[in-house]
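Written out below as structure tokens is the structure these notes cover.
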Amino acid sequence: FARQGKSVLLATAHYANWEWFTSFPLISPFKVLAIYKPLRNPFMDKLFARIRERTGAIACPMEDVVRKIYSFRDQNIPTLTYFIVDQRPLRKSIGYWDIFLHQETPFYVGIEKIARKTNYPVFFMKVDKIKRGTYEAEFILLEEEPSGTLPYEITRRHIRLLENIIREKPELWLWSHRRWKHKRRAEEILPG
């Protein structure tokens, strides 16, 4: 896609060695945007941003992602925008509920909204641990033409894919990030 001057969106999760991807700019023609949820502690937030940017990735807070994507698009610079889609959303930012690993689970829908708005293809990066210190990534196309998809279709696809990956090797998923802190309210609908 980069050779054709096309930008892409990439979904991944806190699975295996997810942070290695920030070194992708060293071998990629894309400008890499690493989307993140800012930390409350400003010192730690700057530290993590610096770590992500040391190889050329651009650490981009969630609230700035659309502006940043459009800025590069206006300059004809193809981007690869990297979303970690298994983060627990803030209560006010819950966009979708689904059954995930047998539990009602809230999700952000930012990658889907941006995909439908920009029509950028969406991939899922499946990372597998081969042996200690050795990982392999597979890029799975979720949707090439997102603007024609039904609401939440892309979100459901990456949820099901992630769930299957976790079932294969549960020890590689980061279980400690309080994924199920929020409980669904009556007015928040689960898909039927």
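We did not get these values from a lab; they are worked out from the coordinates using the rules stated. For clarity, every value in this text was computed on a predicted model and none was experimentally measured. Cβ placement follows ideal geometry from the backbone for every residue including glycine, while neighbour counts extend to all protein chains displayed.
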- [ ] Could you check the simple spin-label distance between SER28 and GLU171, using points 7 Å along Cα→Cβ, in nm with one decimal?
- [x] 2.9 nm
Open item on the list: Under 8 Å for C-alpha pairs, at least 6 residues apart: give me the relative contact order for region 1-87, rounded to a whole percent.
Closed with: 47 percent
Task: Axial C-alpha extent at least 18 Å, average Kyte-Doolittle at least -1.0 - helices from the chain (DSSP) - done: 153-168
Open item on the list: Skipping prolines and chain starts, which residues have an amide H placed within reach, meaning under 5 Å, of the one on CYS60, given they are 5 or more residues away or on another chain?
Closed with: ALA34, ILE35, TYR36
Open item on the list: Looking only at the chain, where both bridge partners belong to it, what percent of the DSSP beta bridges are antiparallel (to the nearest 5)?
Closed with: 50 percent
Open item on the list: Defining a contact as two alpha carbons under 8 Å apart and six or more residues distant in sequence, what relative contact order in percent does region 92-192 show?
Closed with: 31 percent
- [ ] Please give the contour-minus-distance gain from ASN76 to LEU90: 0.36 nm per residue of separation, less the Cα-Cα distance, rounded to one decimal in nm.
- [x] 1.7 nm
- [ ] Using a/c under 1.5 as the rounded threshold, could you call the chain rounded, prolate or oblate? The axes a ≥ b ≥ c are square roots of the C-alpha gyration tensor eigenvalues, and prolate needs a/b larger than b/c, oblate otherwise.
- [x] rounded
Task: Across LYS126/LYS183; LYS37/LYS129; LYS131/LYS183; LYS37/LYS183, pairs whose alpha-carbon gap is larger than 32 Å - done: LYS131/LYS183
Task: Contact order normalised by residue count of the chain, Cα under 8 Å, 6+ apart, percent - done: 26 percent
TODO: Would you mind checking which residues have amide H under 5 Å from THR79's amide H? H placed 1.01 Å from N; only 5 or more apart, or other chain.
DONE: SER7, VAL8, LYS31
TODO: Towards the positive end of the charge dipole of region 2-172, with charges on Cβ (+1 Lys, Arg; -1 Asp, Glu), say which of VAL122, LEU101, PRO38 has the farthest Cα.
DONE: PRO38
TODO: At 7 Å along the Cα-to-beta-carbon direction for both ASN164 and LEU150, put a label point, then send me their distance in nm to one decimal.
DONE: 1.8 nm
Task: Burial ranking of peptide ranges 114-123, 175-184, 94-103 (average Cβ count within 10 Å, highest at the top) - done: 114-123, 94-103, 175-184
